[in-house]
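Have a look at the structure below, then the notes.
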Amino acid sequence: AIVYPGAGEEELRALYQKIHAYCNRPHKIDDSSYFLTVSVGVAIMGKDGSGYQELLTCALSALEVSKQNGKNTVTFFSQDMMHTRRRALELSSRLQLSVMNGMKSFHLVYQPFVHSETLRVSGAEALLRWSCESYGVVSPVEFIPLLEACGLIVPVGKWVLEEAVRTCKKWLRYQPDFIMNVNISYLQMLDESFIDFVRQILNQYDLPPAHIVLELTESCFVTDMEALKEAFKLLRNLNIQIAMDDFGTEYSSLGMLSQSPADIVKIDRLFITAIGDEENEFNRSFIGSVIQLCHRVGISVCVEGVERKNELDTVCSLEADCIQGYYISKPLLQEDFEKKFWDV
Ligand code: C2E
Ligand code: CA
Ligand code: CA
């Protein structure tokens, strides 16, 4: 910790630049060169807090934000940060209660995807929902990272998988070739009991593995983590299909697709936005190239986030295999899904 008496924001930023410049050049230790990154959180006496302890807490909150923003940066504390932190803590403890009460207040919804040639439903993605009395419906974009941060994603993820497998087994009665996609956090993949659990659930519900697709985000595929690579191998041995989710948002390189263990690539909805418009040639070319490359190496492609007719037409003309998005349907409750597609 550095105390800088009398400094204003400008002086503090200048000090950070100095430290940053020093750290970010090579430092020789025992003949090896090292670079250091430096993340900083700043709190200002009088403005952010009046006591030493209070000031330190504020600086730590700001530091946390620097780290979340990719590290090697400086963040000044703001009251909003405190609000976000408090909300995260309260939501986490409510999530914990829900889990302890037998997954109370959690449920799944199912968003269909269709085959691009026939526009017939070929499967659905199971999506987790959660609400609580004080905060109402909370988006998974907010609560999934909280479940991950406190390790609860492992038991919740198991519950999601079991629910989705149970539903899929039931739906095979209405459509024998139905596919169920389930989102899996990388933390679940690192859990040693995960693969056995998948095997056990499929056995228990007597569901052939070909009906299940596990969706993992793109970053899982470019990791050096041995444990993840091993888990991929085991899943493939089980004959379970794997989808690379949110393609294009993180470390994507077209080159990595040729060596990827993915069976399916899901192109993020970022690229579909305004694809029908004349000026959006980049997105159209991107989607087109990804589709062609994937097809060449035997990977099928699902395009997410299709909201309009002209987007659907464009994506179909680019020969995507599967289409998902509000234009086809929003995520539905189990009963509504059954009514809509099989009239039962
Ligand atoms: P995702 O896996 O990319 O899921 C697709 C998200 O896009 C869903 O949001 C879906 O409702 C939304 N979406 C689908 N079509 C459209 C469209 O045409 N337009 C727009 N604007 N949005 C569309 P949702 O349900 O809020 O889920 C957000 C994210 O939360 C998911 O992104 C996934 O990363 C995560 N998630 C959801 N359920 C689970 C789960 O059971 N386990 C894990 N690990 N993550 C989950
Ligand atoms: Ca997904
Ligand atoms: Ca996605």
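Tabulated values for the structure
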read-out: Free-standing Cys, the chain [no other Cys Cβ under 4.7 Å]; value: 23, 58, 132, 150, 168, 220, 294, 316
read-out: Cα-based shape type of the chain, given that a ≥ b ≥ c are square roots of the gyration tensor eigenvalues and the cut on a/c is 1.5; value: prolate
read-out: Percent RCO, i.e. relative contact order, over the chain, from Cα pairs under 8 Å lying at least 6 residues apart; value: 12
read-out: Accessible area (Å², per residue) of the chain, counting only protein heavy atoms and a probe of 1.4 Å; value: 54
read-out: Unit charges at the beta carbon, dipole of the chain: most positive-side option, 73, 116, 303; value: 73
read-out: DSSP-loop GluC sites (Glu not before Pro) across region 254-319, with at most 16 other Cβ within 10 angstrom; value: 278, 279, 307, 319
read-out: The chain - percent of accessible surface contributed by carbon and sulfur, probe 1.4 Å; value: 52
read-out: Cβ-defined net charge surrounding residue 181, 10 Å radius [Lys, Arg +1; Asp, Glu -1]; value: -2
read-out: Above-threshold pairs, the threshold being 21 Å between Cα atoms, out of 266/309; 18/71; 266/330; 104/158; 67/104; value: 67/104
read-out: Given charges at beta-carbon only (K, R positive; D, E negative), |dipole| of the chain in Debye; value: 540
read-out: Share antiparallel - DSSP beta bridges, the chain, percent rounded to 5; value: 40
read-out: Length-normalised contact order of region 198-294 in % [C-alpha pairs under 8 Å, at least 6 apart]; value: 25
read-out: Neighbourhood charge, 14 Å Cβ-Cβ cut-off, centred on residue 228 and excluding it, Lys, Arg +1 and Asp, Glu -1; value: -3
read-out: About the Cα centre, charge dipole magnitude for region 1-148 (Lys/Arg +1, Asp/Glu -1 at Cβ), debye; value: 120
read-out: Given charges at Cβ of Lys, Arg, Asp, Glu: the chain dipole, positive-most of 82, 21, 40; value: 82
read-out: All aspartates and glutamates inside 16 Å of residue 169 as judged from Cα atoms, apart from same-chain residues fewer than 8 positions distant; value: 125, 177, 206, 335, 338
read-out: Estimated 222 nm signal from helices in the chain, with DSSP H stretches of n ≥ 4 weighted -39500 (n - 2.57), rounded to 500; value: -13500 deg cm²/dmol
read-out: Charge dipole magnitude, Cβ of K and R +1, D and E -1 - region 205-307, Cα centre, debye nearest 20; value: 500
read-out: Distant-in-sequence amide H partners of residue 213 (H built 1.01 Å from N, under 5 Å); value: 180, 181, 182
read-out: Sparse-neighbourhood loop sites, trypsin sites (Lys or Arg not before Pro) in region 79-179 - DSSP loop, at most 15 other Cβ within 10 angstrom; value: 104, 120, 173
read-out: Loop-located chymotrypsin sites (Phe, Trp or Tyr not before Pro) in region 15-99 whose Cβ has at most 14 other Cβ within 10 Å (DSSP); value: 35
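The values are calculated or read from the model by the stated rules, or taken from the named source; none is laboratory data. Note that the structure is predicted; figures quoted are calculated from it, not measured. Positions of Cβ are backbone-derived with ideal geometry, glycine not excepted, and every protein chain shown enters the neighbour counts. Ligands, DNA and RNA are stripped out before the accessible areas are found, and what is left, the full protein with its side chains, is counted by its heavy atoms. Shrake-Rupley method; radii C 1.70, N 1.55, O 1.52, S 1.80 Å.
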